[in-house]
Each structure stands twice: as structure tokens, then as C-alpha cells.
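A.B. asks: Take this structure first; my questions come after.
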Amino acid sequence: GDSVTQMEGPVTLSEEAFLTINCTYTATGYPSLFWYVQYPGEGLQLLLKATKADDKGSNKGFEATYRKETTSFHLEKGSVQVSDSAVYFCDRPGQNFVFGPGTRLSVLP
Amino acid sequence: DSGVTQTPKHLITATGQRVTLRCSPRSGDLSVYWYQQSLDQGLQFLIQYYNGEERAKGNILERFSAQQFPDLHSELNLSSLELGDSALYFCASSVGSSGRVGDTQYFGPGTRLTVL
């Protein structure tokens with residue numbers, strides 16, 4: 001069935017490093033794709049989304065491009081900060097409502 | 001602030017007891033979703049209600065039940081509690097109901113349940 005596959009963590013980076021968290025999807029058609037973020041002690045919140053192929057979602061310095069050729073929606077940020085430490089979830093909405101385990105990012109000063 | 005409120009923030013109870021968690025969705029949202037998040041199982045979908053009716057069911061135990069009221073707030077009832085039910089319980093809301101296709105979910109801050 002339709003699903004997303006996200007790279008497993010944890011990921012540990014130094015401040016100002018480049019971040020990539022891989023996400024690939026399988027789906028019929030071109031569903032909307034989302035990245036959610038969960039900061040420590042909080043609920044999930046939408047980070048960015050793309051609703052069709054070739055769209056780029058961006059927010060807070062993060063970007064992800066919906067690439068139908070590679071069925072990917074990788075999350076990137078050019079220079080991470082300590083405050084970006086969180087768990088990141090790639091999501092393809094659907095009837096099964098399944099969120100993966102997420103990728104835990106720790107950014108060290 | 002997502003606009004979704006959950007009460008209580010923390011709950012400590014004993015095995016065998018029953019508790020009720022409450023969620024108020026964002027203004028205008030008709031769907032409410034409940035999730036359980038534990039360290040070893042990640043984020044598990046429990047159940048969805050749309051405009052008062054059950055719309056989808058996930059890995060919800062028979063000891064658990066939920067409902068959505070006419071004012072659209074929702075309650076999750078957990079009974080015969082076990083140690084393994086200790087977790088964070090999140091409520092989320094969204095405008096629509098169609099399998100969340102393109103539909104952003106807005107999450108509440110969660111209720112941390114501890115069963116002793």
C-alpha cells in the first residue's frame with residue numbers, strides 16, 4: 001500500500017552543519033507530502049508541505065522538494081541550529097494514518 | 001500555539017483505574033484524531049471522529065473508547081489501565097475528513113499519562 005520510508009536516526013550534527021533527512025514514498029498518483037516536527041515536550045506541528053509534483057515546501061530555513069522521478073521528499077537545511085533539535089516525521093496522508101518513528105535530530109553547539 | 005487544547009496536561013493513576021482525556025479542536029475543524037506515543041512504539045493512530053461520527057479506527061484497544069460531542073470536543077476514555085498504557089496521548093484536528101489527503105493536522109500539546 002501507499003507509504004513513506006524515512007531514514008532512521010538518530011542524527012547528530014554540529015551547529016551550522018548541513019542537514020538532509022531522506023524520505024521516499026510509494027503511492028498511486030501524486031499525493032500531498034508533509035514534514036512534521038516535534039520539539040521536546042510538545043506535540044507535532046506542520047513544518048512544511050508540498051501538494052503536487054515539483055512543488056517545494058519551505059519554512060524556518062528548511063526545504064523539501066517533491067520529486068516524482070525519484071519519489072522523494074527529502075528535508076534539507078543549510079545551517080542547523082541547536083534549536084532545531086527535535087524529531088522529524090515525513091508524512092503522506094492517507095487512510096491508514098500511520099506516522100513512522102521519525103528521525104531524531106540532535107544539534108550540538 | 002496550534003489552537004488545539006488538551007486537558008489534563010499530566011495524569012497519574014493506578015492500574016485498573018479509568019481516566020478520561022479531553023480535547024478541544026481548532027475552531028472550524030470537524031475532525032478529531034487521537035494518537036498514542038510511547039518510547040518503544042512511536043506514534044500510533046487510535047481513532048478519528050468527523051462531525052460527531054467515528055470515521056476511522058486504528059490500533060485502539062477494546063479497553064479504550066472515544067466520542068465526539070455536538071460542540072466537536074472529544075473525549076478519550078481509557079479503562080482497566082495497565083502499566084503499558086503509560087504514554088503521551090495526542091489529539092489532533094483538521095478541517096476535513098477524507099483520509100487527510102492534503103489535509104493538515106494540528107496537534108495539541110498532549111496528555112502525559114502515568115500508570116503506577
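The values are calculated or read from the model by the stated rules, or taken from the named source; none is laboratory data. None of the values given here were measured: they were computed from a predicted structure. All Cβ positions, even for glycine, are placed from backbone atoms using ideal geometry, and neighbour counts span all protein chains on display. The protein model used for the area step is the full one, side chains on, heavy atoms only, and it has no ligands, DNA or RNA in it. Shrake-Rupley method; radii C 1.70, N 1.55, O 1.52, S 1.80 Å.
A.B. asks: For chain A, the longest stretch holding no trypsin sites (Lys or Arg not before Pro) located in a DSSP loop with at most 15 other Cβ atoms within 10 Å is which?
C.D. replies: It runs A:1-51.
A.B. asks: Right, next: Taking the Cα centre as origin and putting +1 on Lys and Arg beta-carbons and -1 on Asp and Glu beta-carbons, what dipole magnitude results for the protein assembly as shown, to the nearest 20 debye?
C.D. replies: 180
A.B. asks: Just how much of B:C23 is accessible, in Å², when a 1.4 Å probe is used and the result is rounded to the nearest 10?
C.D. replies: Accessible area of B:C23: about 0 Å².
A.B. asks: Starting from the Cα of B:K57, draw a straight line to each of the lysines and keep only those under 22 Å, dropping any in the same chain fewer than 8 residues away.
C.D. replies: B:K57 reaches no qualifying lysines.
A.B. asks: Evaluate peptide A:39-47: per residue, the Cβ atoms of other protein chains within 10 Å of its Cβ; return the mean as an integer.
C.D. replies: 5
A.B. asks: For an R0 of 30 angstrom, estimate the FRET efficiency from the Cβ-Cβ distance between A:T51 and B:K57 and round to the nearest 0.05.
C.D. replies: In this case the efficiency is close to 0.65.
A.B. asks: Could I ask something else about it? Express the Stokes-Einstein translational diffusion coefficient of the protein assembly as shown in µm² s⁻¹, to the nearest whole number, given a Kirkwood radius over alpha-carbon pairs, 10 °C and a viscosity of 1.306 mPa s.
C.D. replies: 88
A.B. asks: Can you give the Kirkwood hydrodynamic radius of chain B from its Cα pairs, in Å with one decimal?
C.D. replies: 14.0
A.B. asks: Lys/Arg Cβ at +1, Asp/Glu Cβ at -1, dipole of chain A taken about the Cα centre: which of A:Y39, A:V87, A:A53 is farthest positive-ward?
C.D. replies: It is A:A53.
A.B. asks: As a test of reading the structure, rank A:V37, A:V98 by solvent-accessible area (1.4 Å probe, protein chains only), most first. Don't jump to the answer; show the numbers that get you there.
C.D. replies: Values: A:V37 0, A:V98 85 Å².
The most accessible residue leads, giving A:V98, A:V37.
A.B. asks: Just to check, using Stokes-Einstein with a Kirkwood Rh over alpha carbon pairs, what's the diffusion coefficient of the range A:17-90 at 37 °C and 0.692 mPa s in µm²/s?
C.D. replies: Translational diffusion coefficient: 260 µm²/s.
A.B. asks: If you don't mind, another one. Based on the Kirkwood radius over alpha-carbon pairs, what value in µm²/s does the Stokes-Einstein equation return for the translational diffusion coefficient of the range A:63-108 at 4 °C and 1.567 mPa s?
C.D. replies: Value of D from the Cα-based Kirkwood radius: 104 µm²/s.
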